[in-house]
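> The structure follows.
The values are calculated or read from the model by the stated rules, or taken from the named source; none is laboratory data. In this text, all values refer to a predicted model and were calculated from it rather than measured experimentally. Cβ atoms come from the backbone with ideal geometry, glycine included; neighbour counts cover every protein chain shown.
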Amino acid sequence: MKTNSFIDIFAFFGWALFKQEGAIMIRQSLIAPLLVIGIMISAAAADTVTFKGMSATGGGKPIMLTGNLTKPQGEGPFPAVVMLHGCLGMGWYEKYFGIWARRIASWGYVSLQVDSFGPRGESDICGADRISTIPTPMRAQDAHDAKSYLAGLPFVDRNQIALMGWSHGGWSVLSAIDETISIQNRGDPFRVAIAFYPYCAVPLRGFNAPLMILIGELDDWTQPELCQLRMPSGKTAHEIILKVYPEAYHCFDFEGLDTYVSGHRLLYNPKATSNAIQQVRKFLAKHL
């Protein structure tokens, strides 16, 4: 359904329900939010895209990566955000990534959700014996390949591209902005990086972009204490912000989630999510 048809239908019902005299204020309060919803639905349509990666396949050929591309309405050029899923793979994350992608589009950003596993014949790598199957430097390369792809799109501002990742994807964010990690065709750095509950495996320094880490206090999978211990004590080239949310677990920003994976608690926390949304929006706006 086209946007105009969608809006017209809601407007029609608004008028039909509130034709009585004296109901104008109520009618307007109903129709206005519906118009906004119609516009956001239209703006958030995702397209599946394929682009060349620099990592080699088992046969030695460059890998062809896939992803979901979401853009705001209009011609742009828009700033953009590369999104990296966690160890459970794109299929598991797609529902929650869709929510984030639509949210980011409503803020005026293009987003590209990169599938690092499917093109390599994997669905998830969460087990202790599987986590190194697709290491974070490899996914860091995927992130830069996605940046190169976005930079070539006419509706993307090539100088305004950010990086966001969740869990294993957040860990990969740290690798992607680490100058010591070897990256082919690195190009310009990401303008800003955001990592949700990453595994802070190394000291948080030597990064070439501003970084914000968002993690739950009760996260028993990626352990906020590691991030706290590895925060730099002195001045860094780019700001590094660590936000630890009280009473929050892994995947605290995934609406409705309440489960266990590999013995770890994954639980939605609406209070932490609300604040995280504000923090992400402000951090992107500050640097893009």
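> So in segment 121-148, with the set limited to residues that are hydrophobic (A, V, I, L, M, F, W, C) and under 14 Å from M90 (Cα atoms), which one is surrounded by the fewest Cβ atoms within 10 Å (Cβ to Cβ)? Let's see the steps before the verdict.
Of segment 121-148, the ones hydrophobic (A, V, I, L, M, F, W, C) are 125-126, 128, 131, 134, 138, 140, 143, 146.
Pick out the ones that are also under 14 Å from M90 (Cα atoms) and you get 125-126, 134.
Values: I125: 20, C126: 17, I134: 20.
The extreme case among them is C126.
> Could you look through segment 149-181, keep only residues that are touching a residue at least 40 places away in the same chain (Cβ under 8 Å) and of a type in the set (S, T, Y), and pick out the one that is surrounded by the fewest Cβ atoms within 10 Å (Cβ to Cβ)?
Filtering segment 149-181 for residues that are touching a residue at least 40 places away in the same chain (Cβ under 8 Å) and of a type in the set (S, T, Y), the one surrounded by the fewest Cβ atoms within 10 Å (Cβ to Cβ) comes out as Y149.
Results for (1) among the hydrophobic types (A, V, I, L, M, F, W, C); (2) within 22 Å of W92 (Cβ to Cβ), shown as yes or no for each residue.
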{"site": "L226", "(1), (2)": "yes, no"}
{"site": "S233", "(1), (2)": "no, no"}
{"site": "I241", "(1), (2)": "yes, no"}
{"site": "P270", "(1), (2)": "no, yes"}
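> Being assigned by TED's automatic domain parsing to the domain that holds D188 and loosely packed, with under 15 Cβ neighbours inside 10 Å narrows it down to one residue among A248, A237; which is it?
Numbers: A248 fails: loosely packed, with under 15 Cβ neighbours inside 10 Å.
Every option except A237 fails the conditions.
> Can you find, within segment 68-99, the residue that is surrounded by the most Cβ atoms within 10 Å (Cβ to Cβ) among those that are among the aliphatic types (A, V, I, L, M) and under 14 Å from F117 (Cα atoms)?
To start, the set of residues in segment 68-99 that are among the aliphatic types (A, V, I, L, M) comprises 69, 80-84, 88, 90, 99.
Retained after the next criterion (residues that are under 14 Å from F117 (Cα atoms)): 83-84, 88, 90.
Values: M83: 25, L84: 32, L88: 20, M90: 23.
For segment 68-99, the residue satisfying everything is L84.
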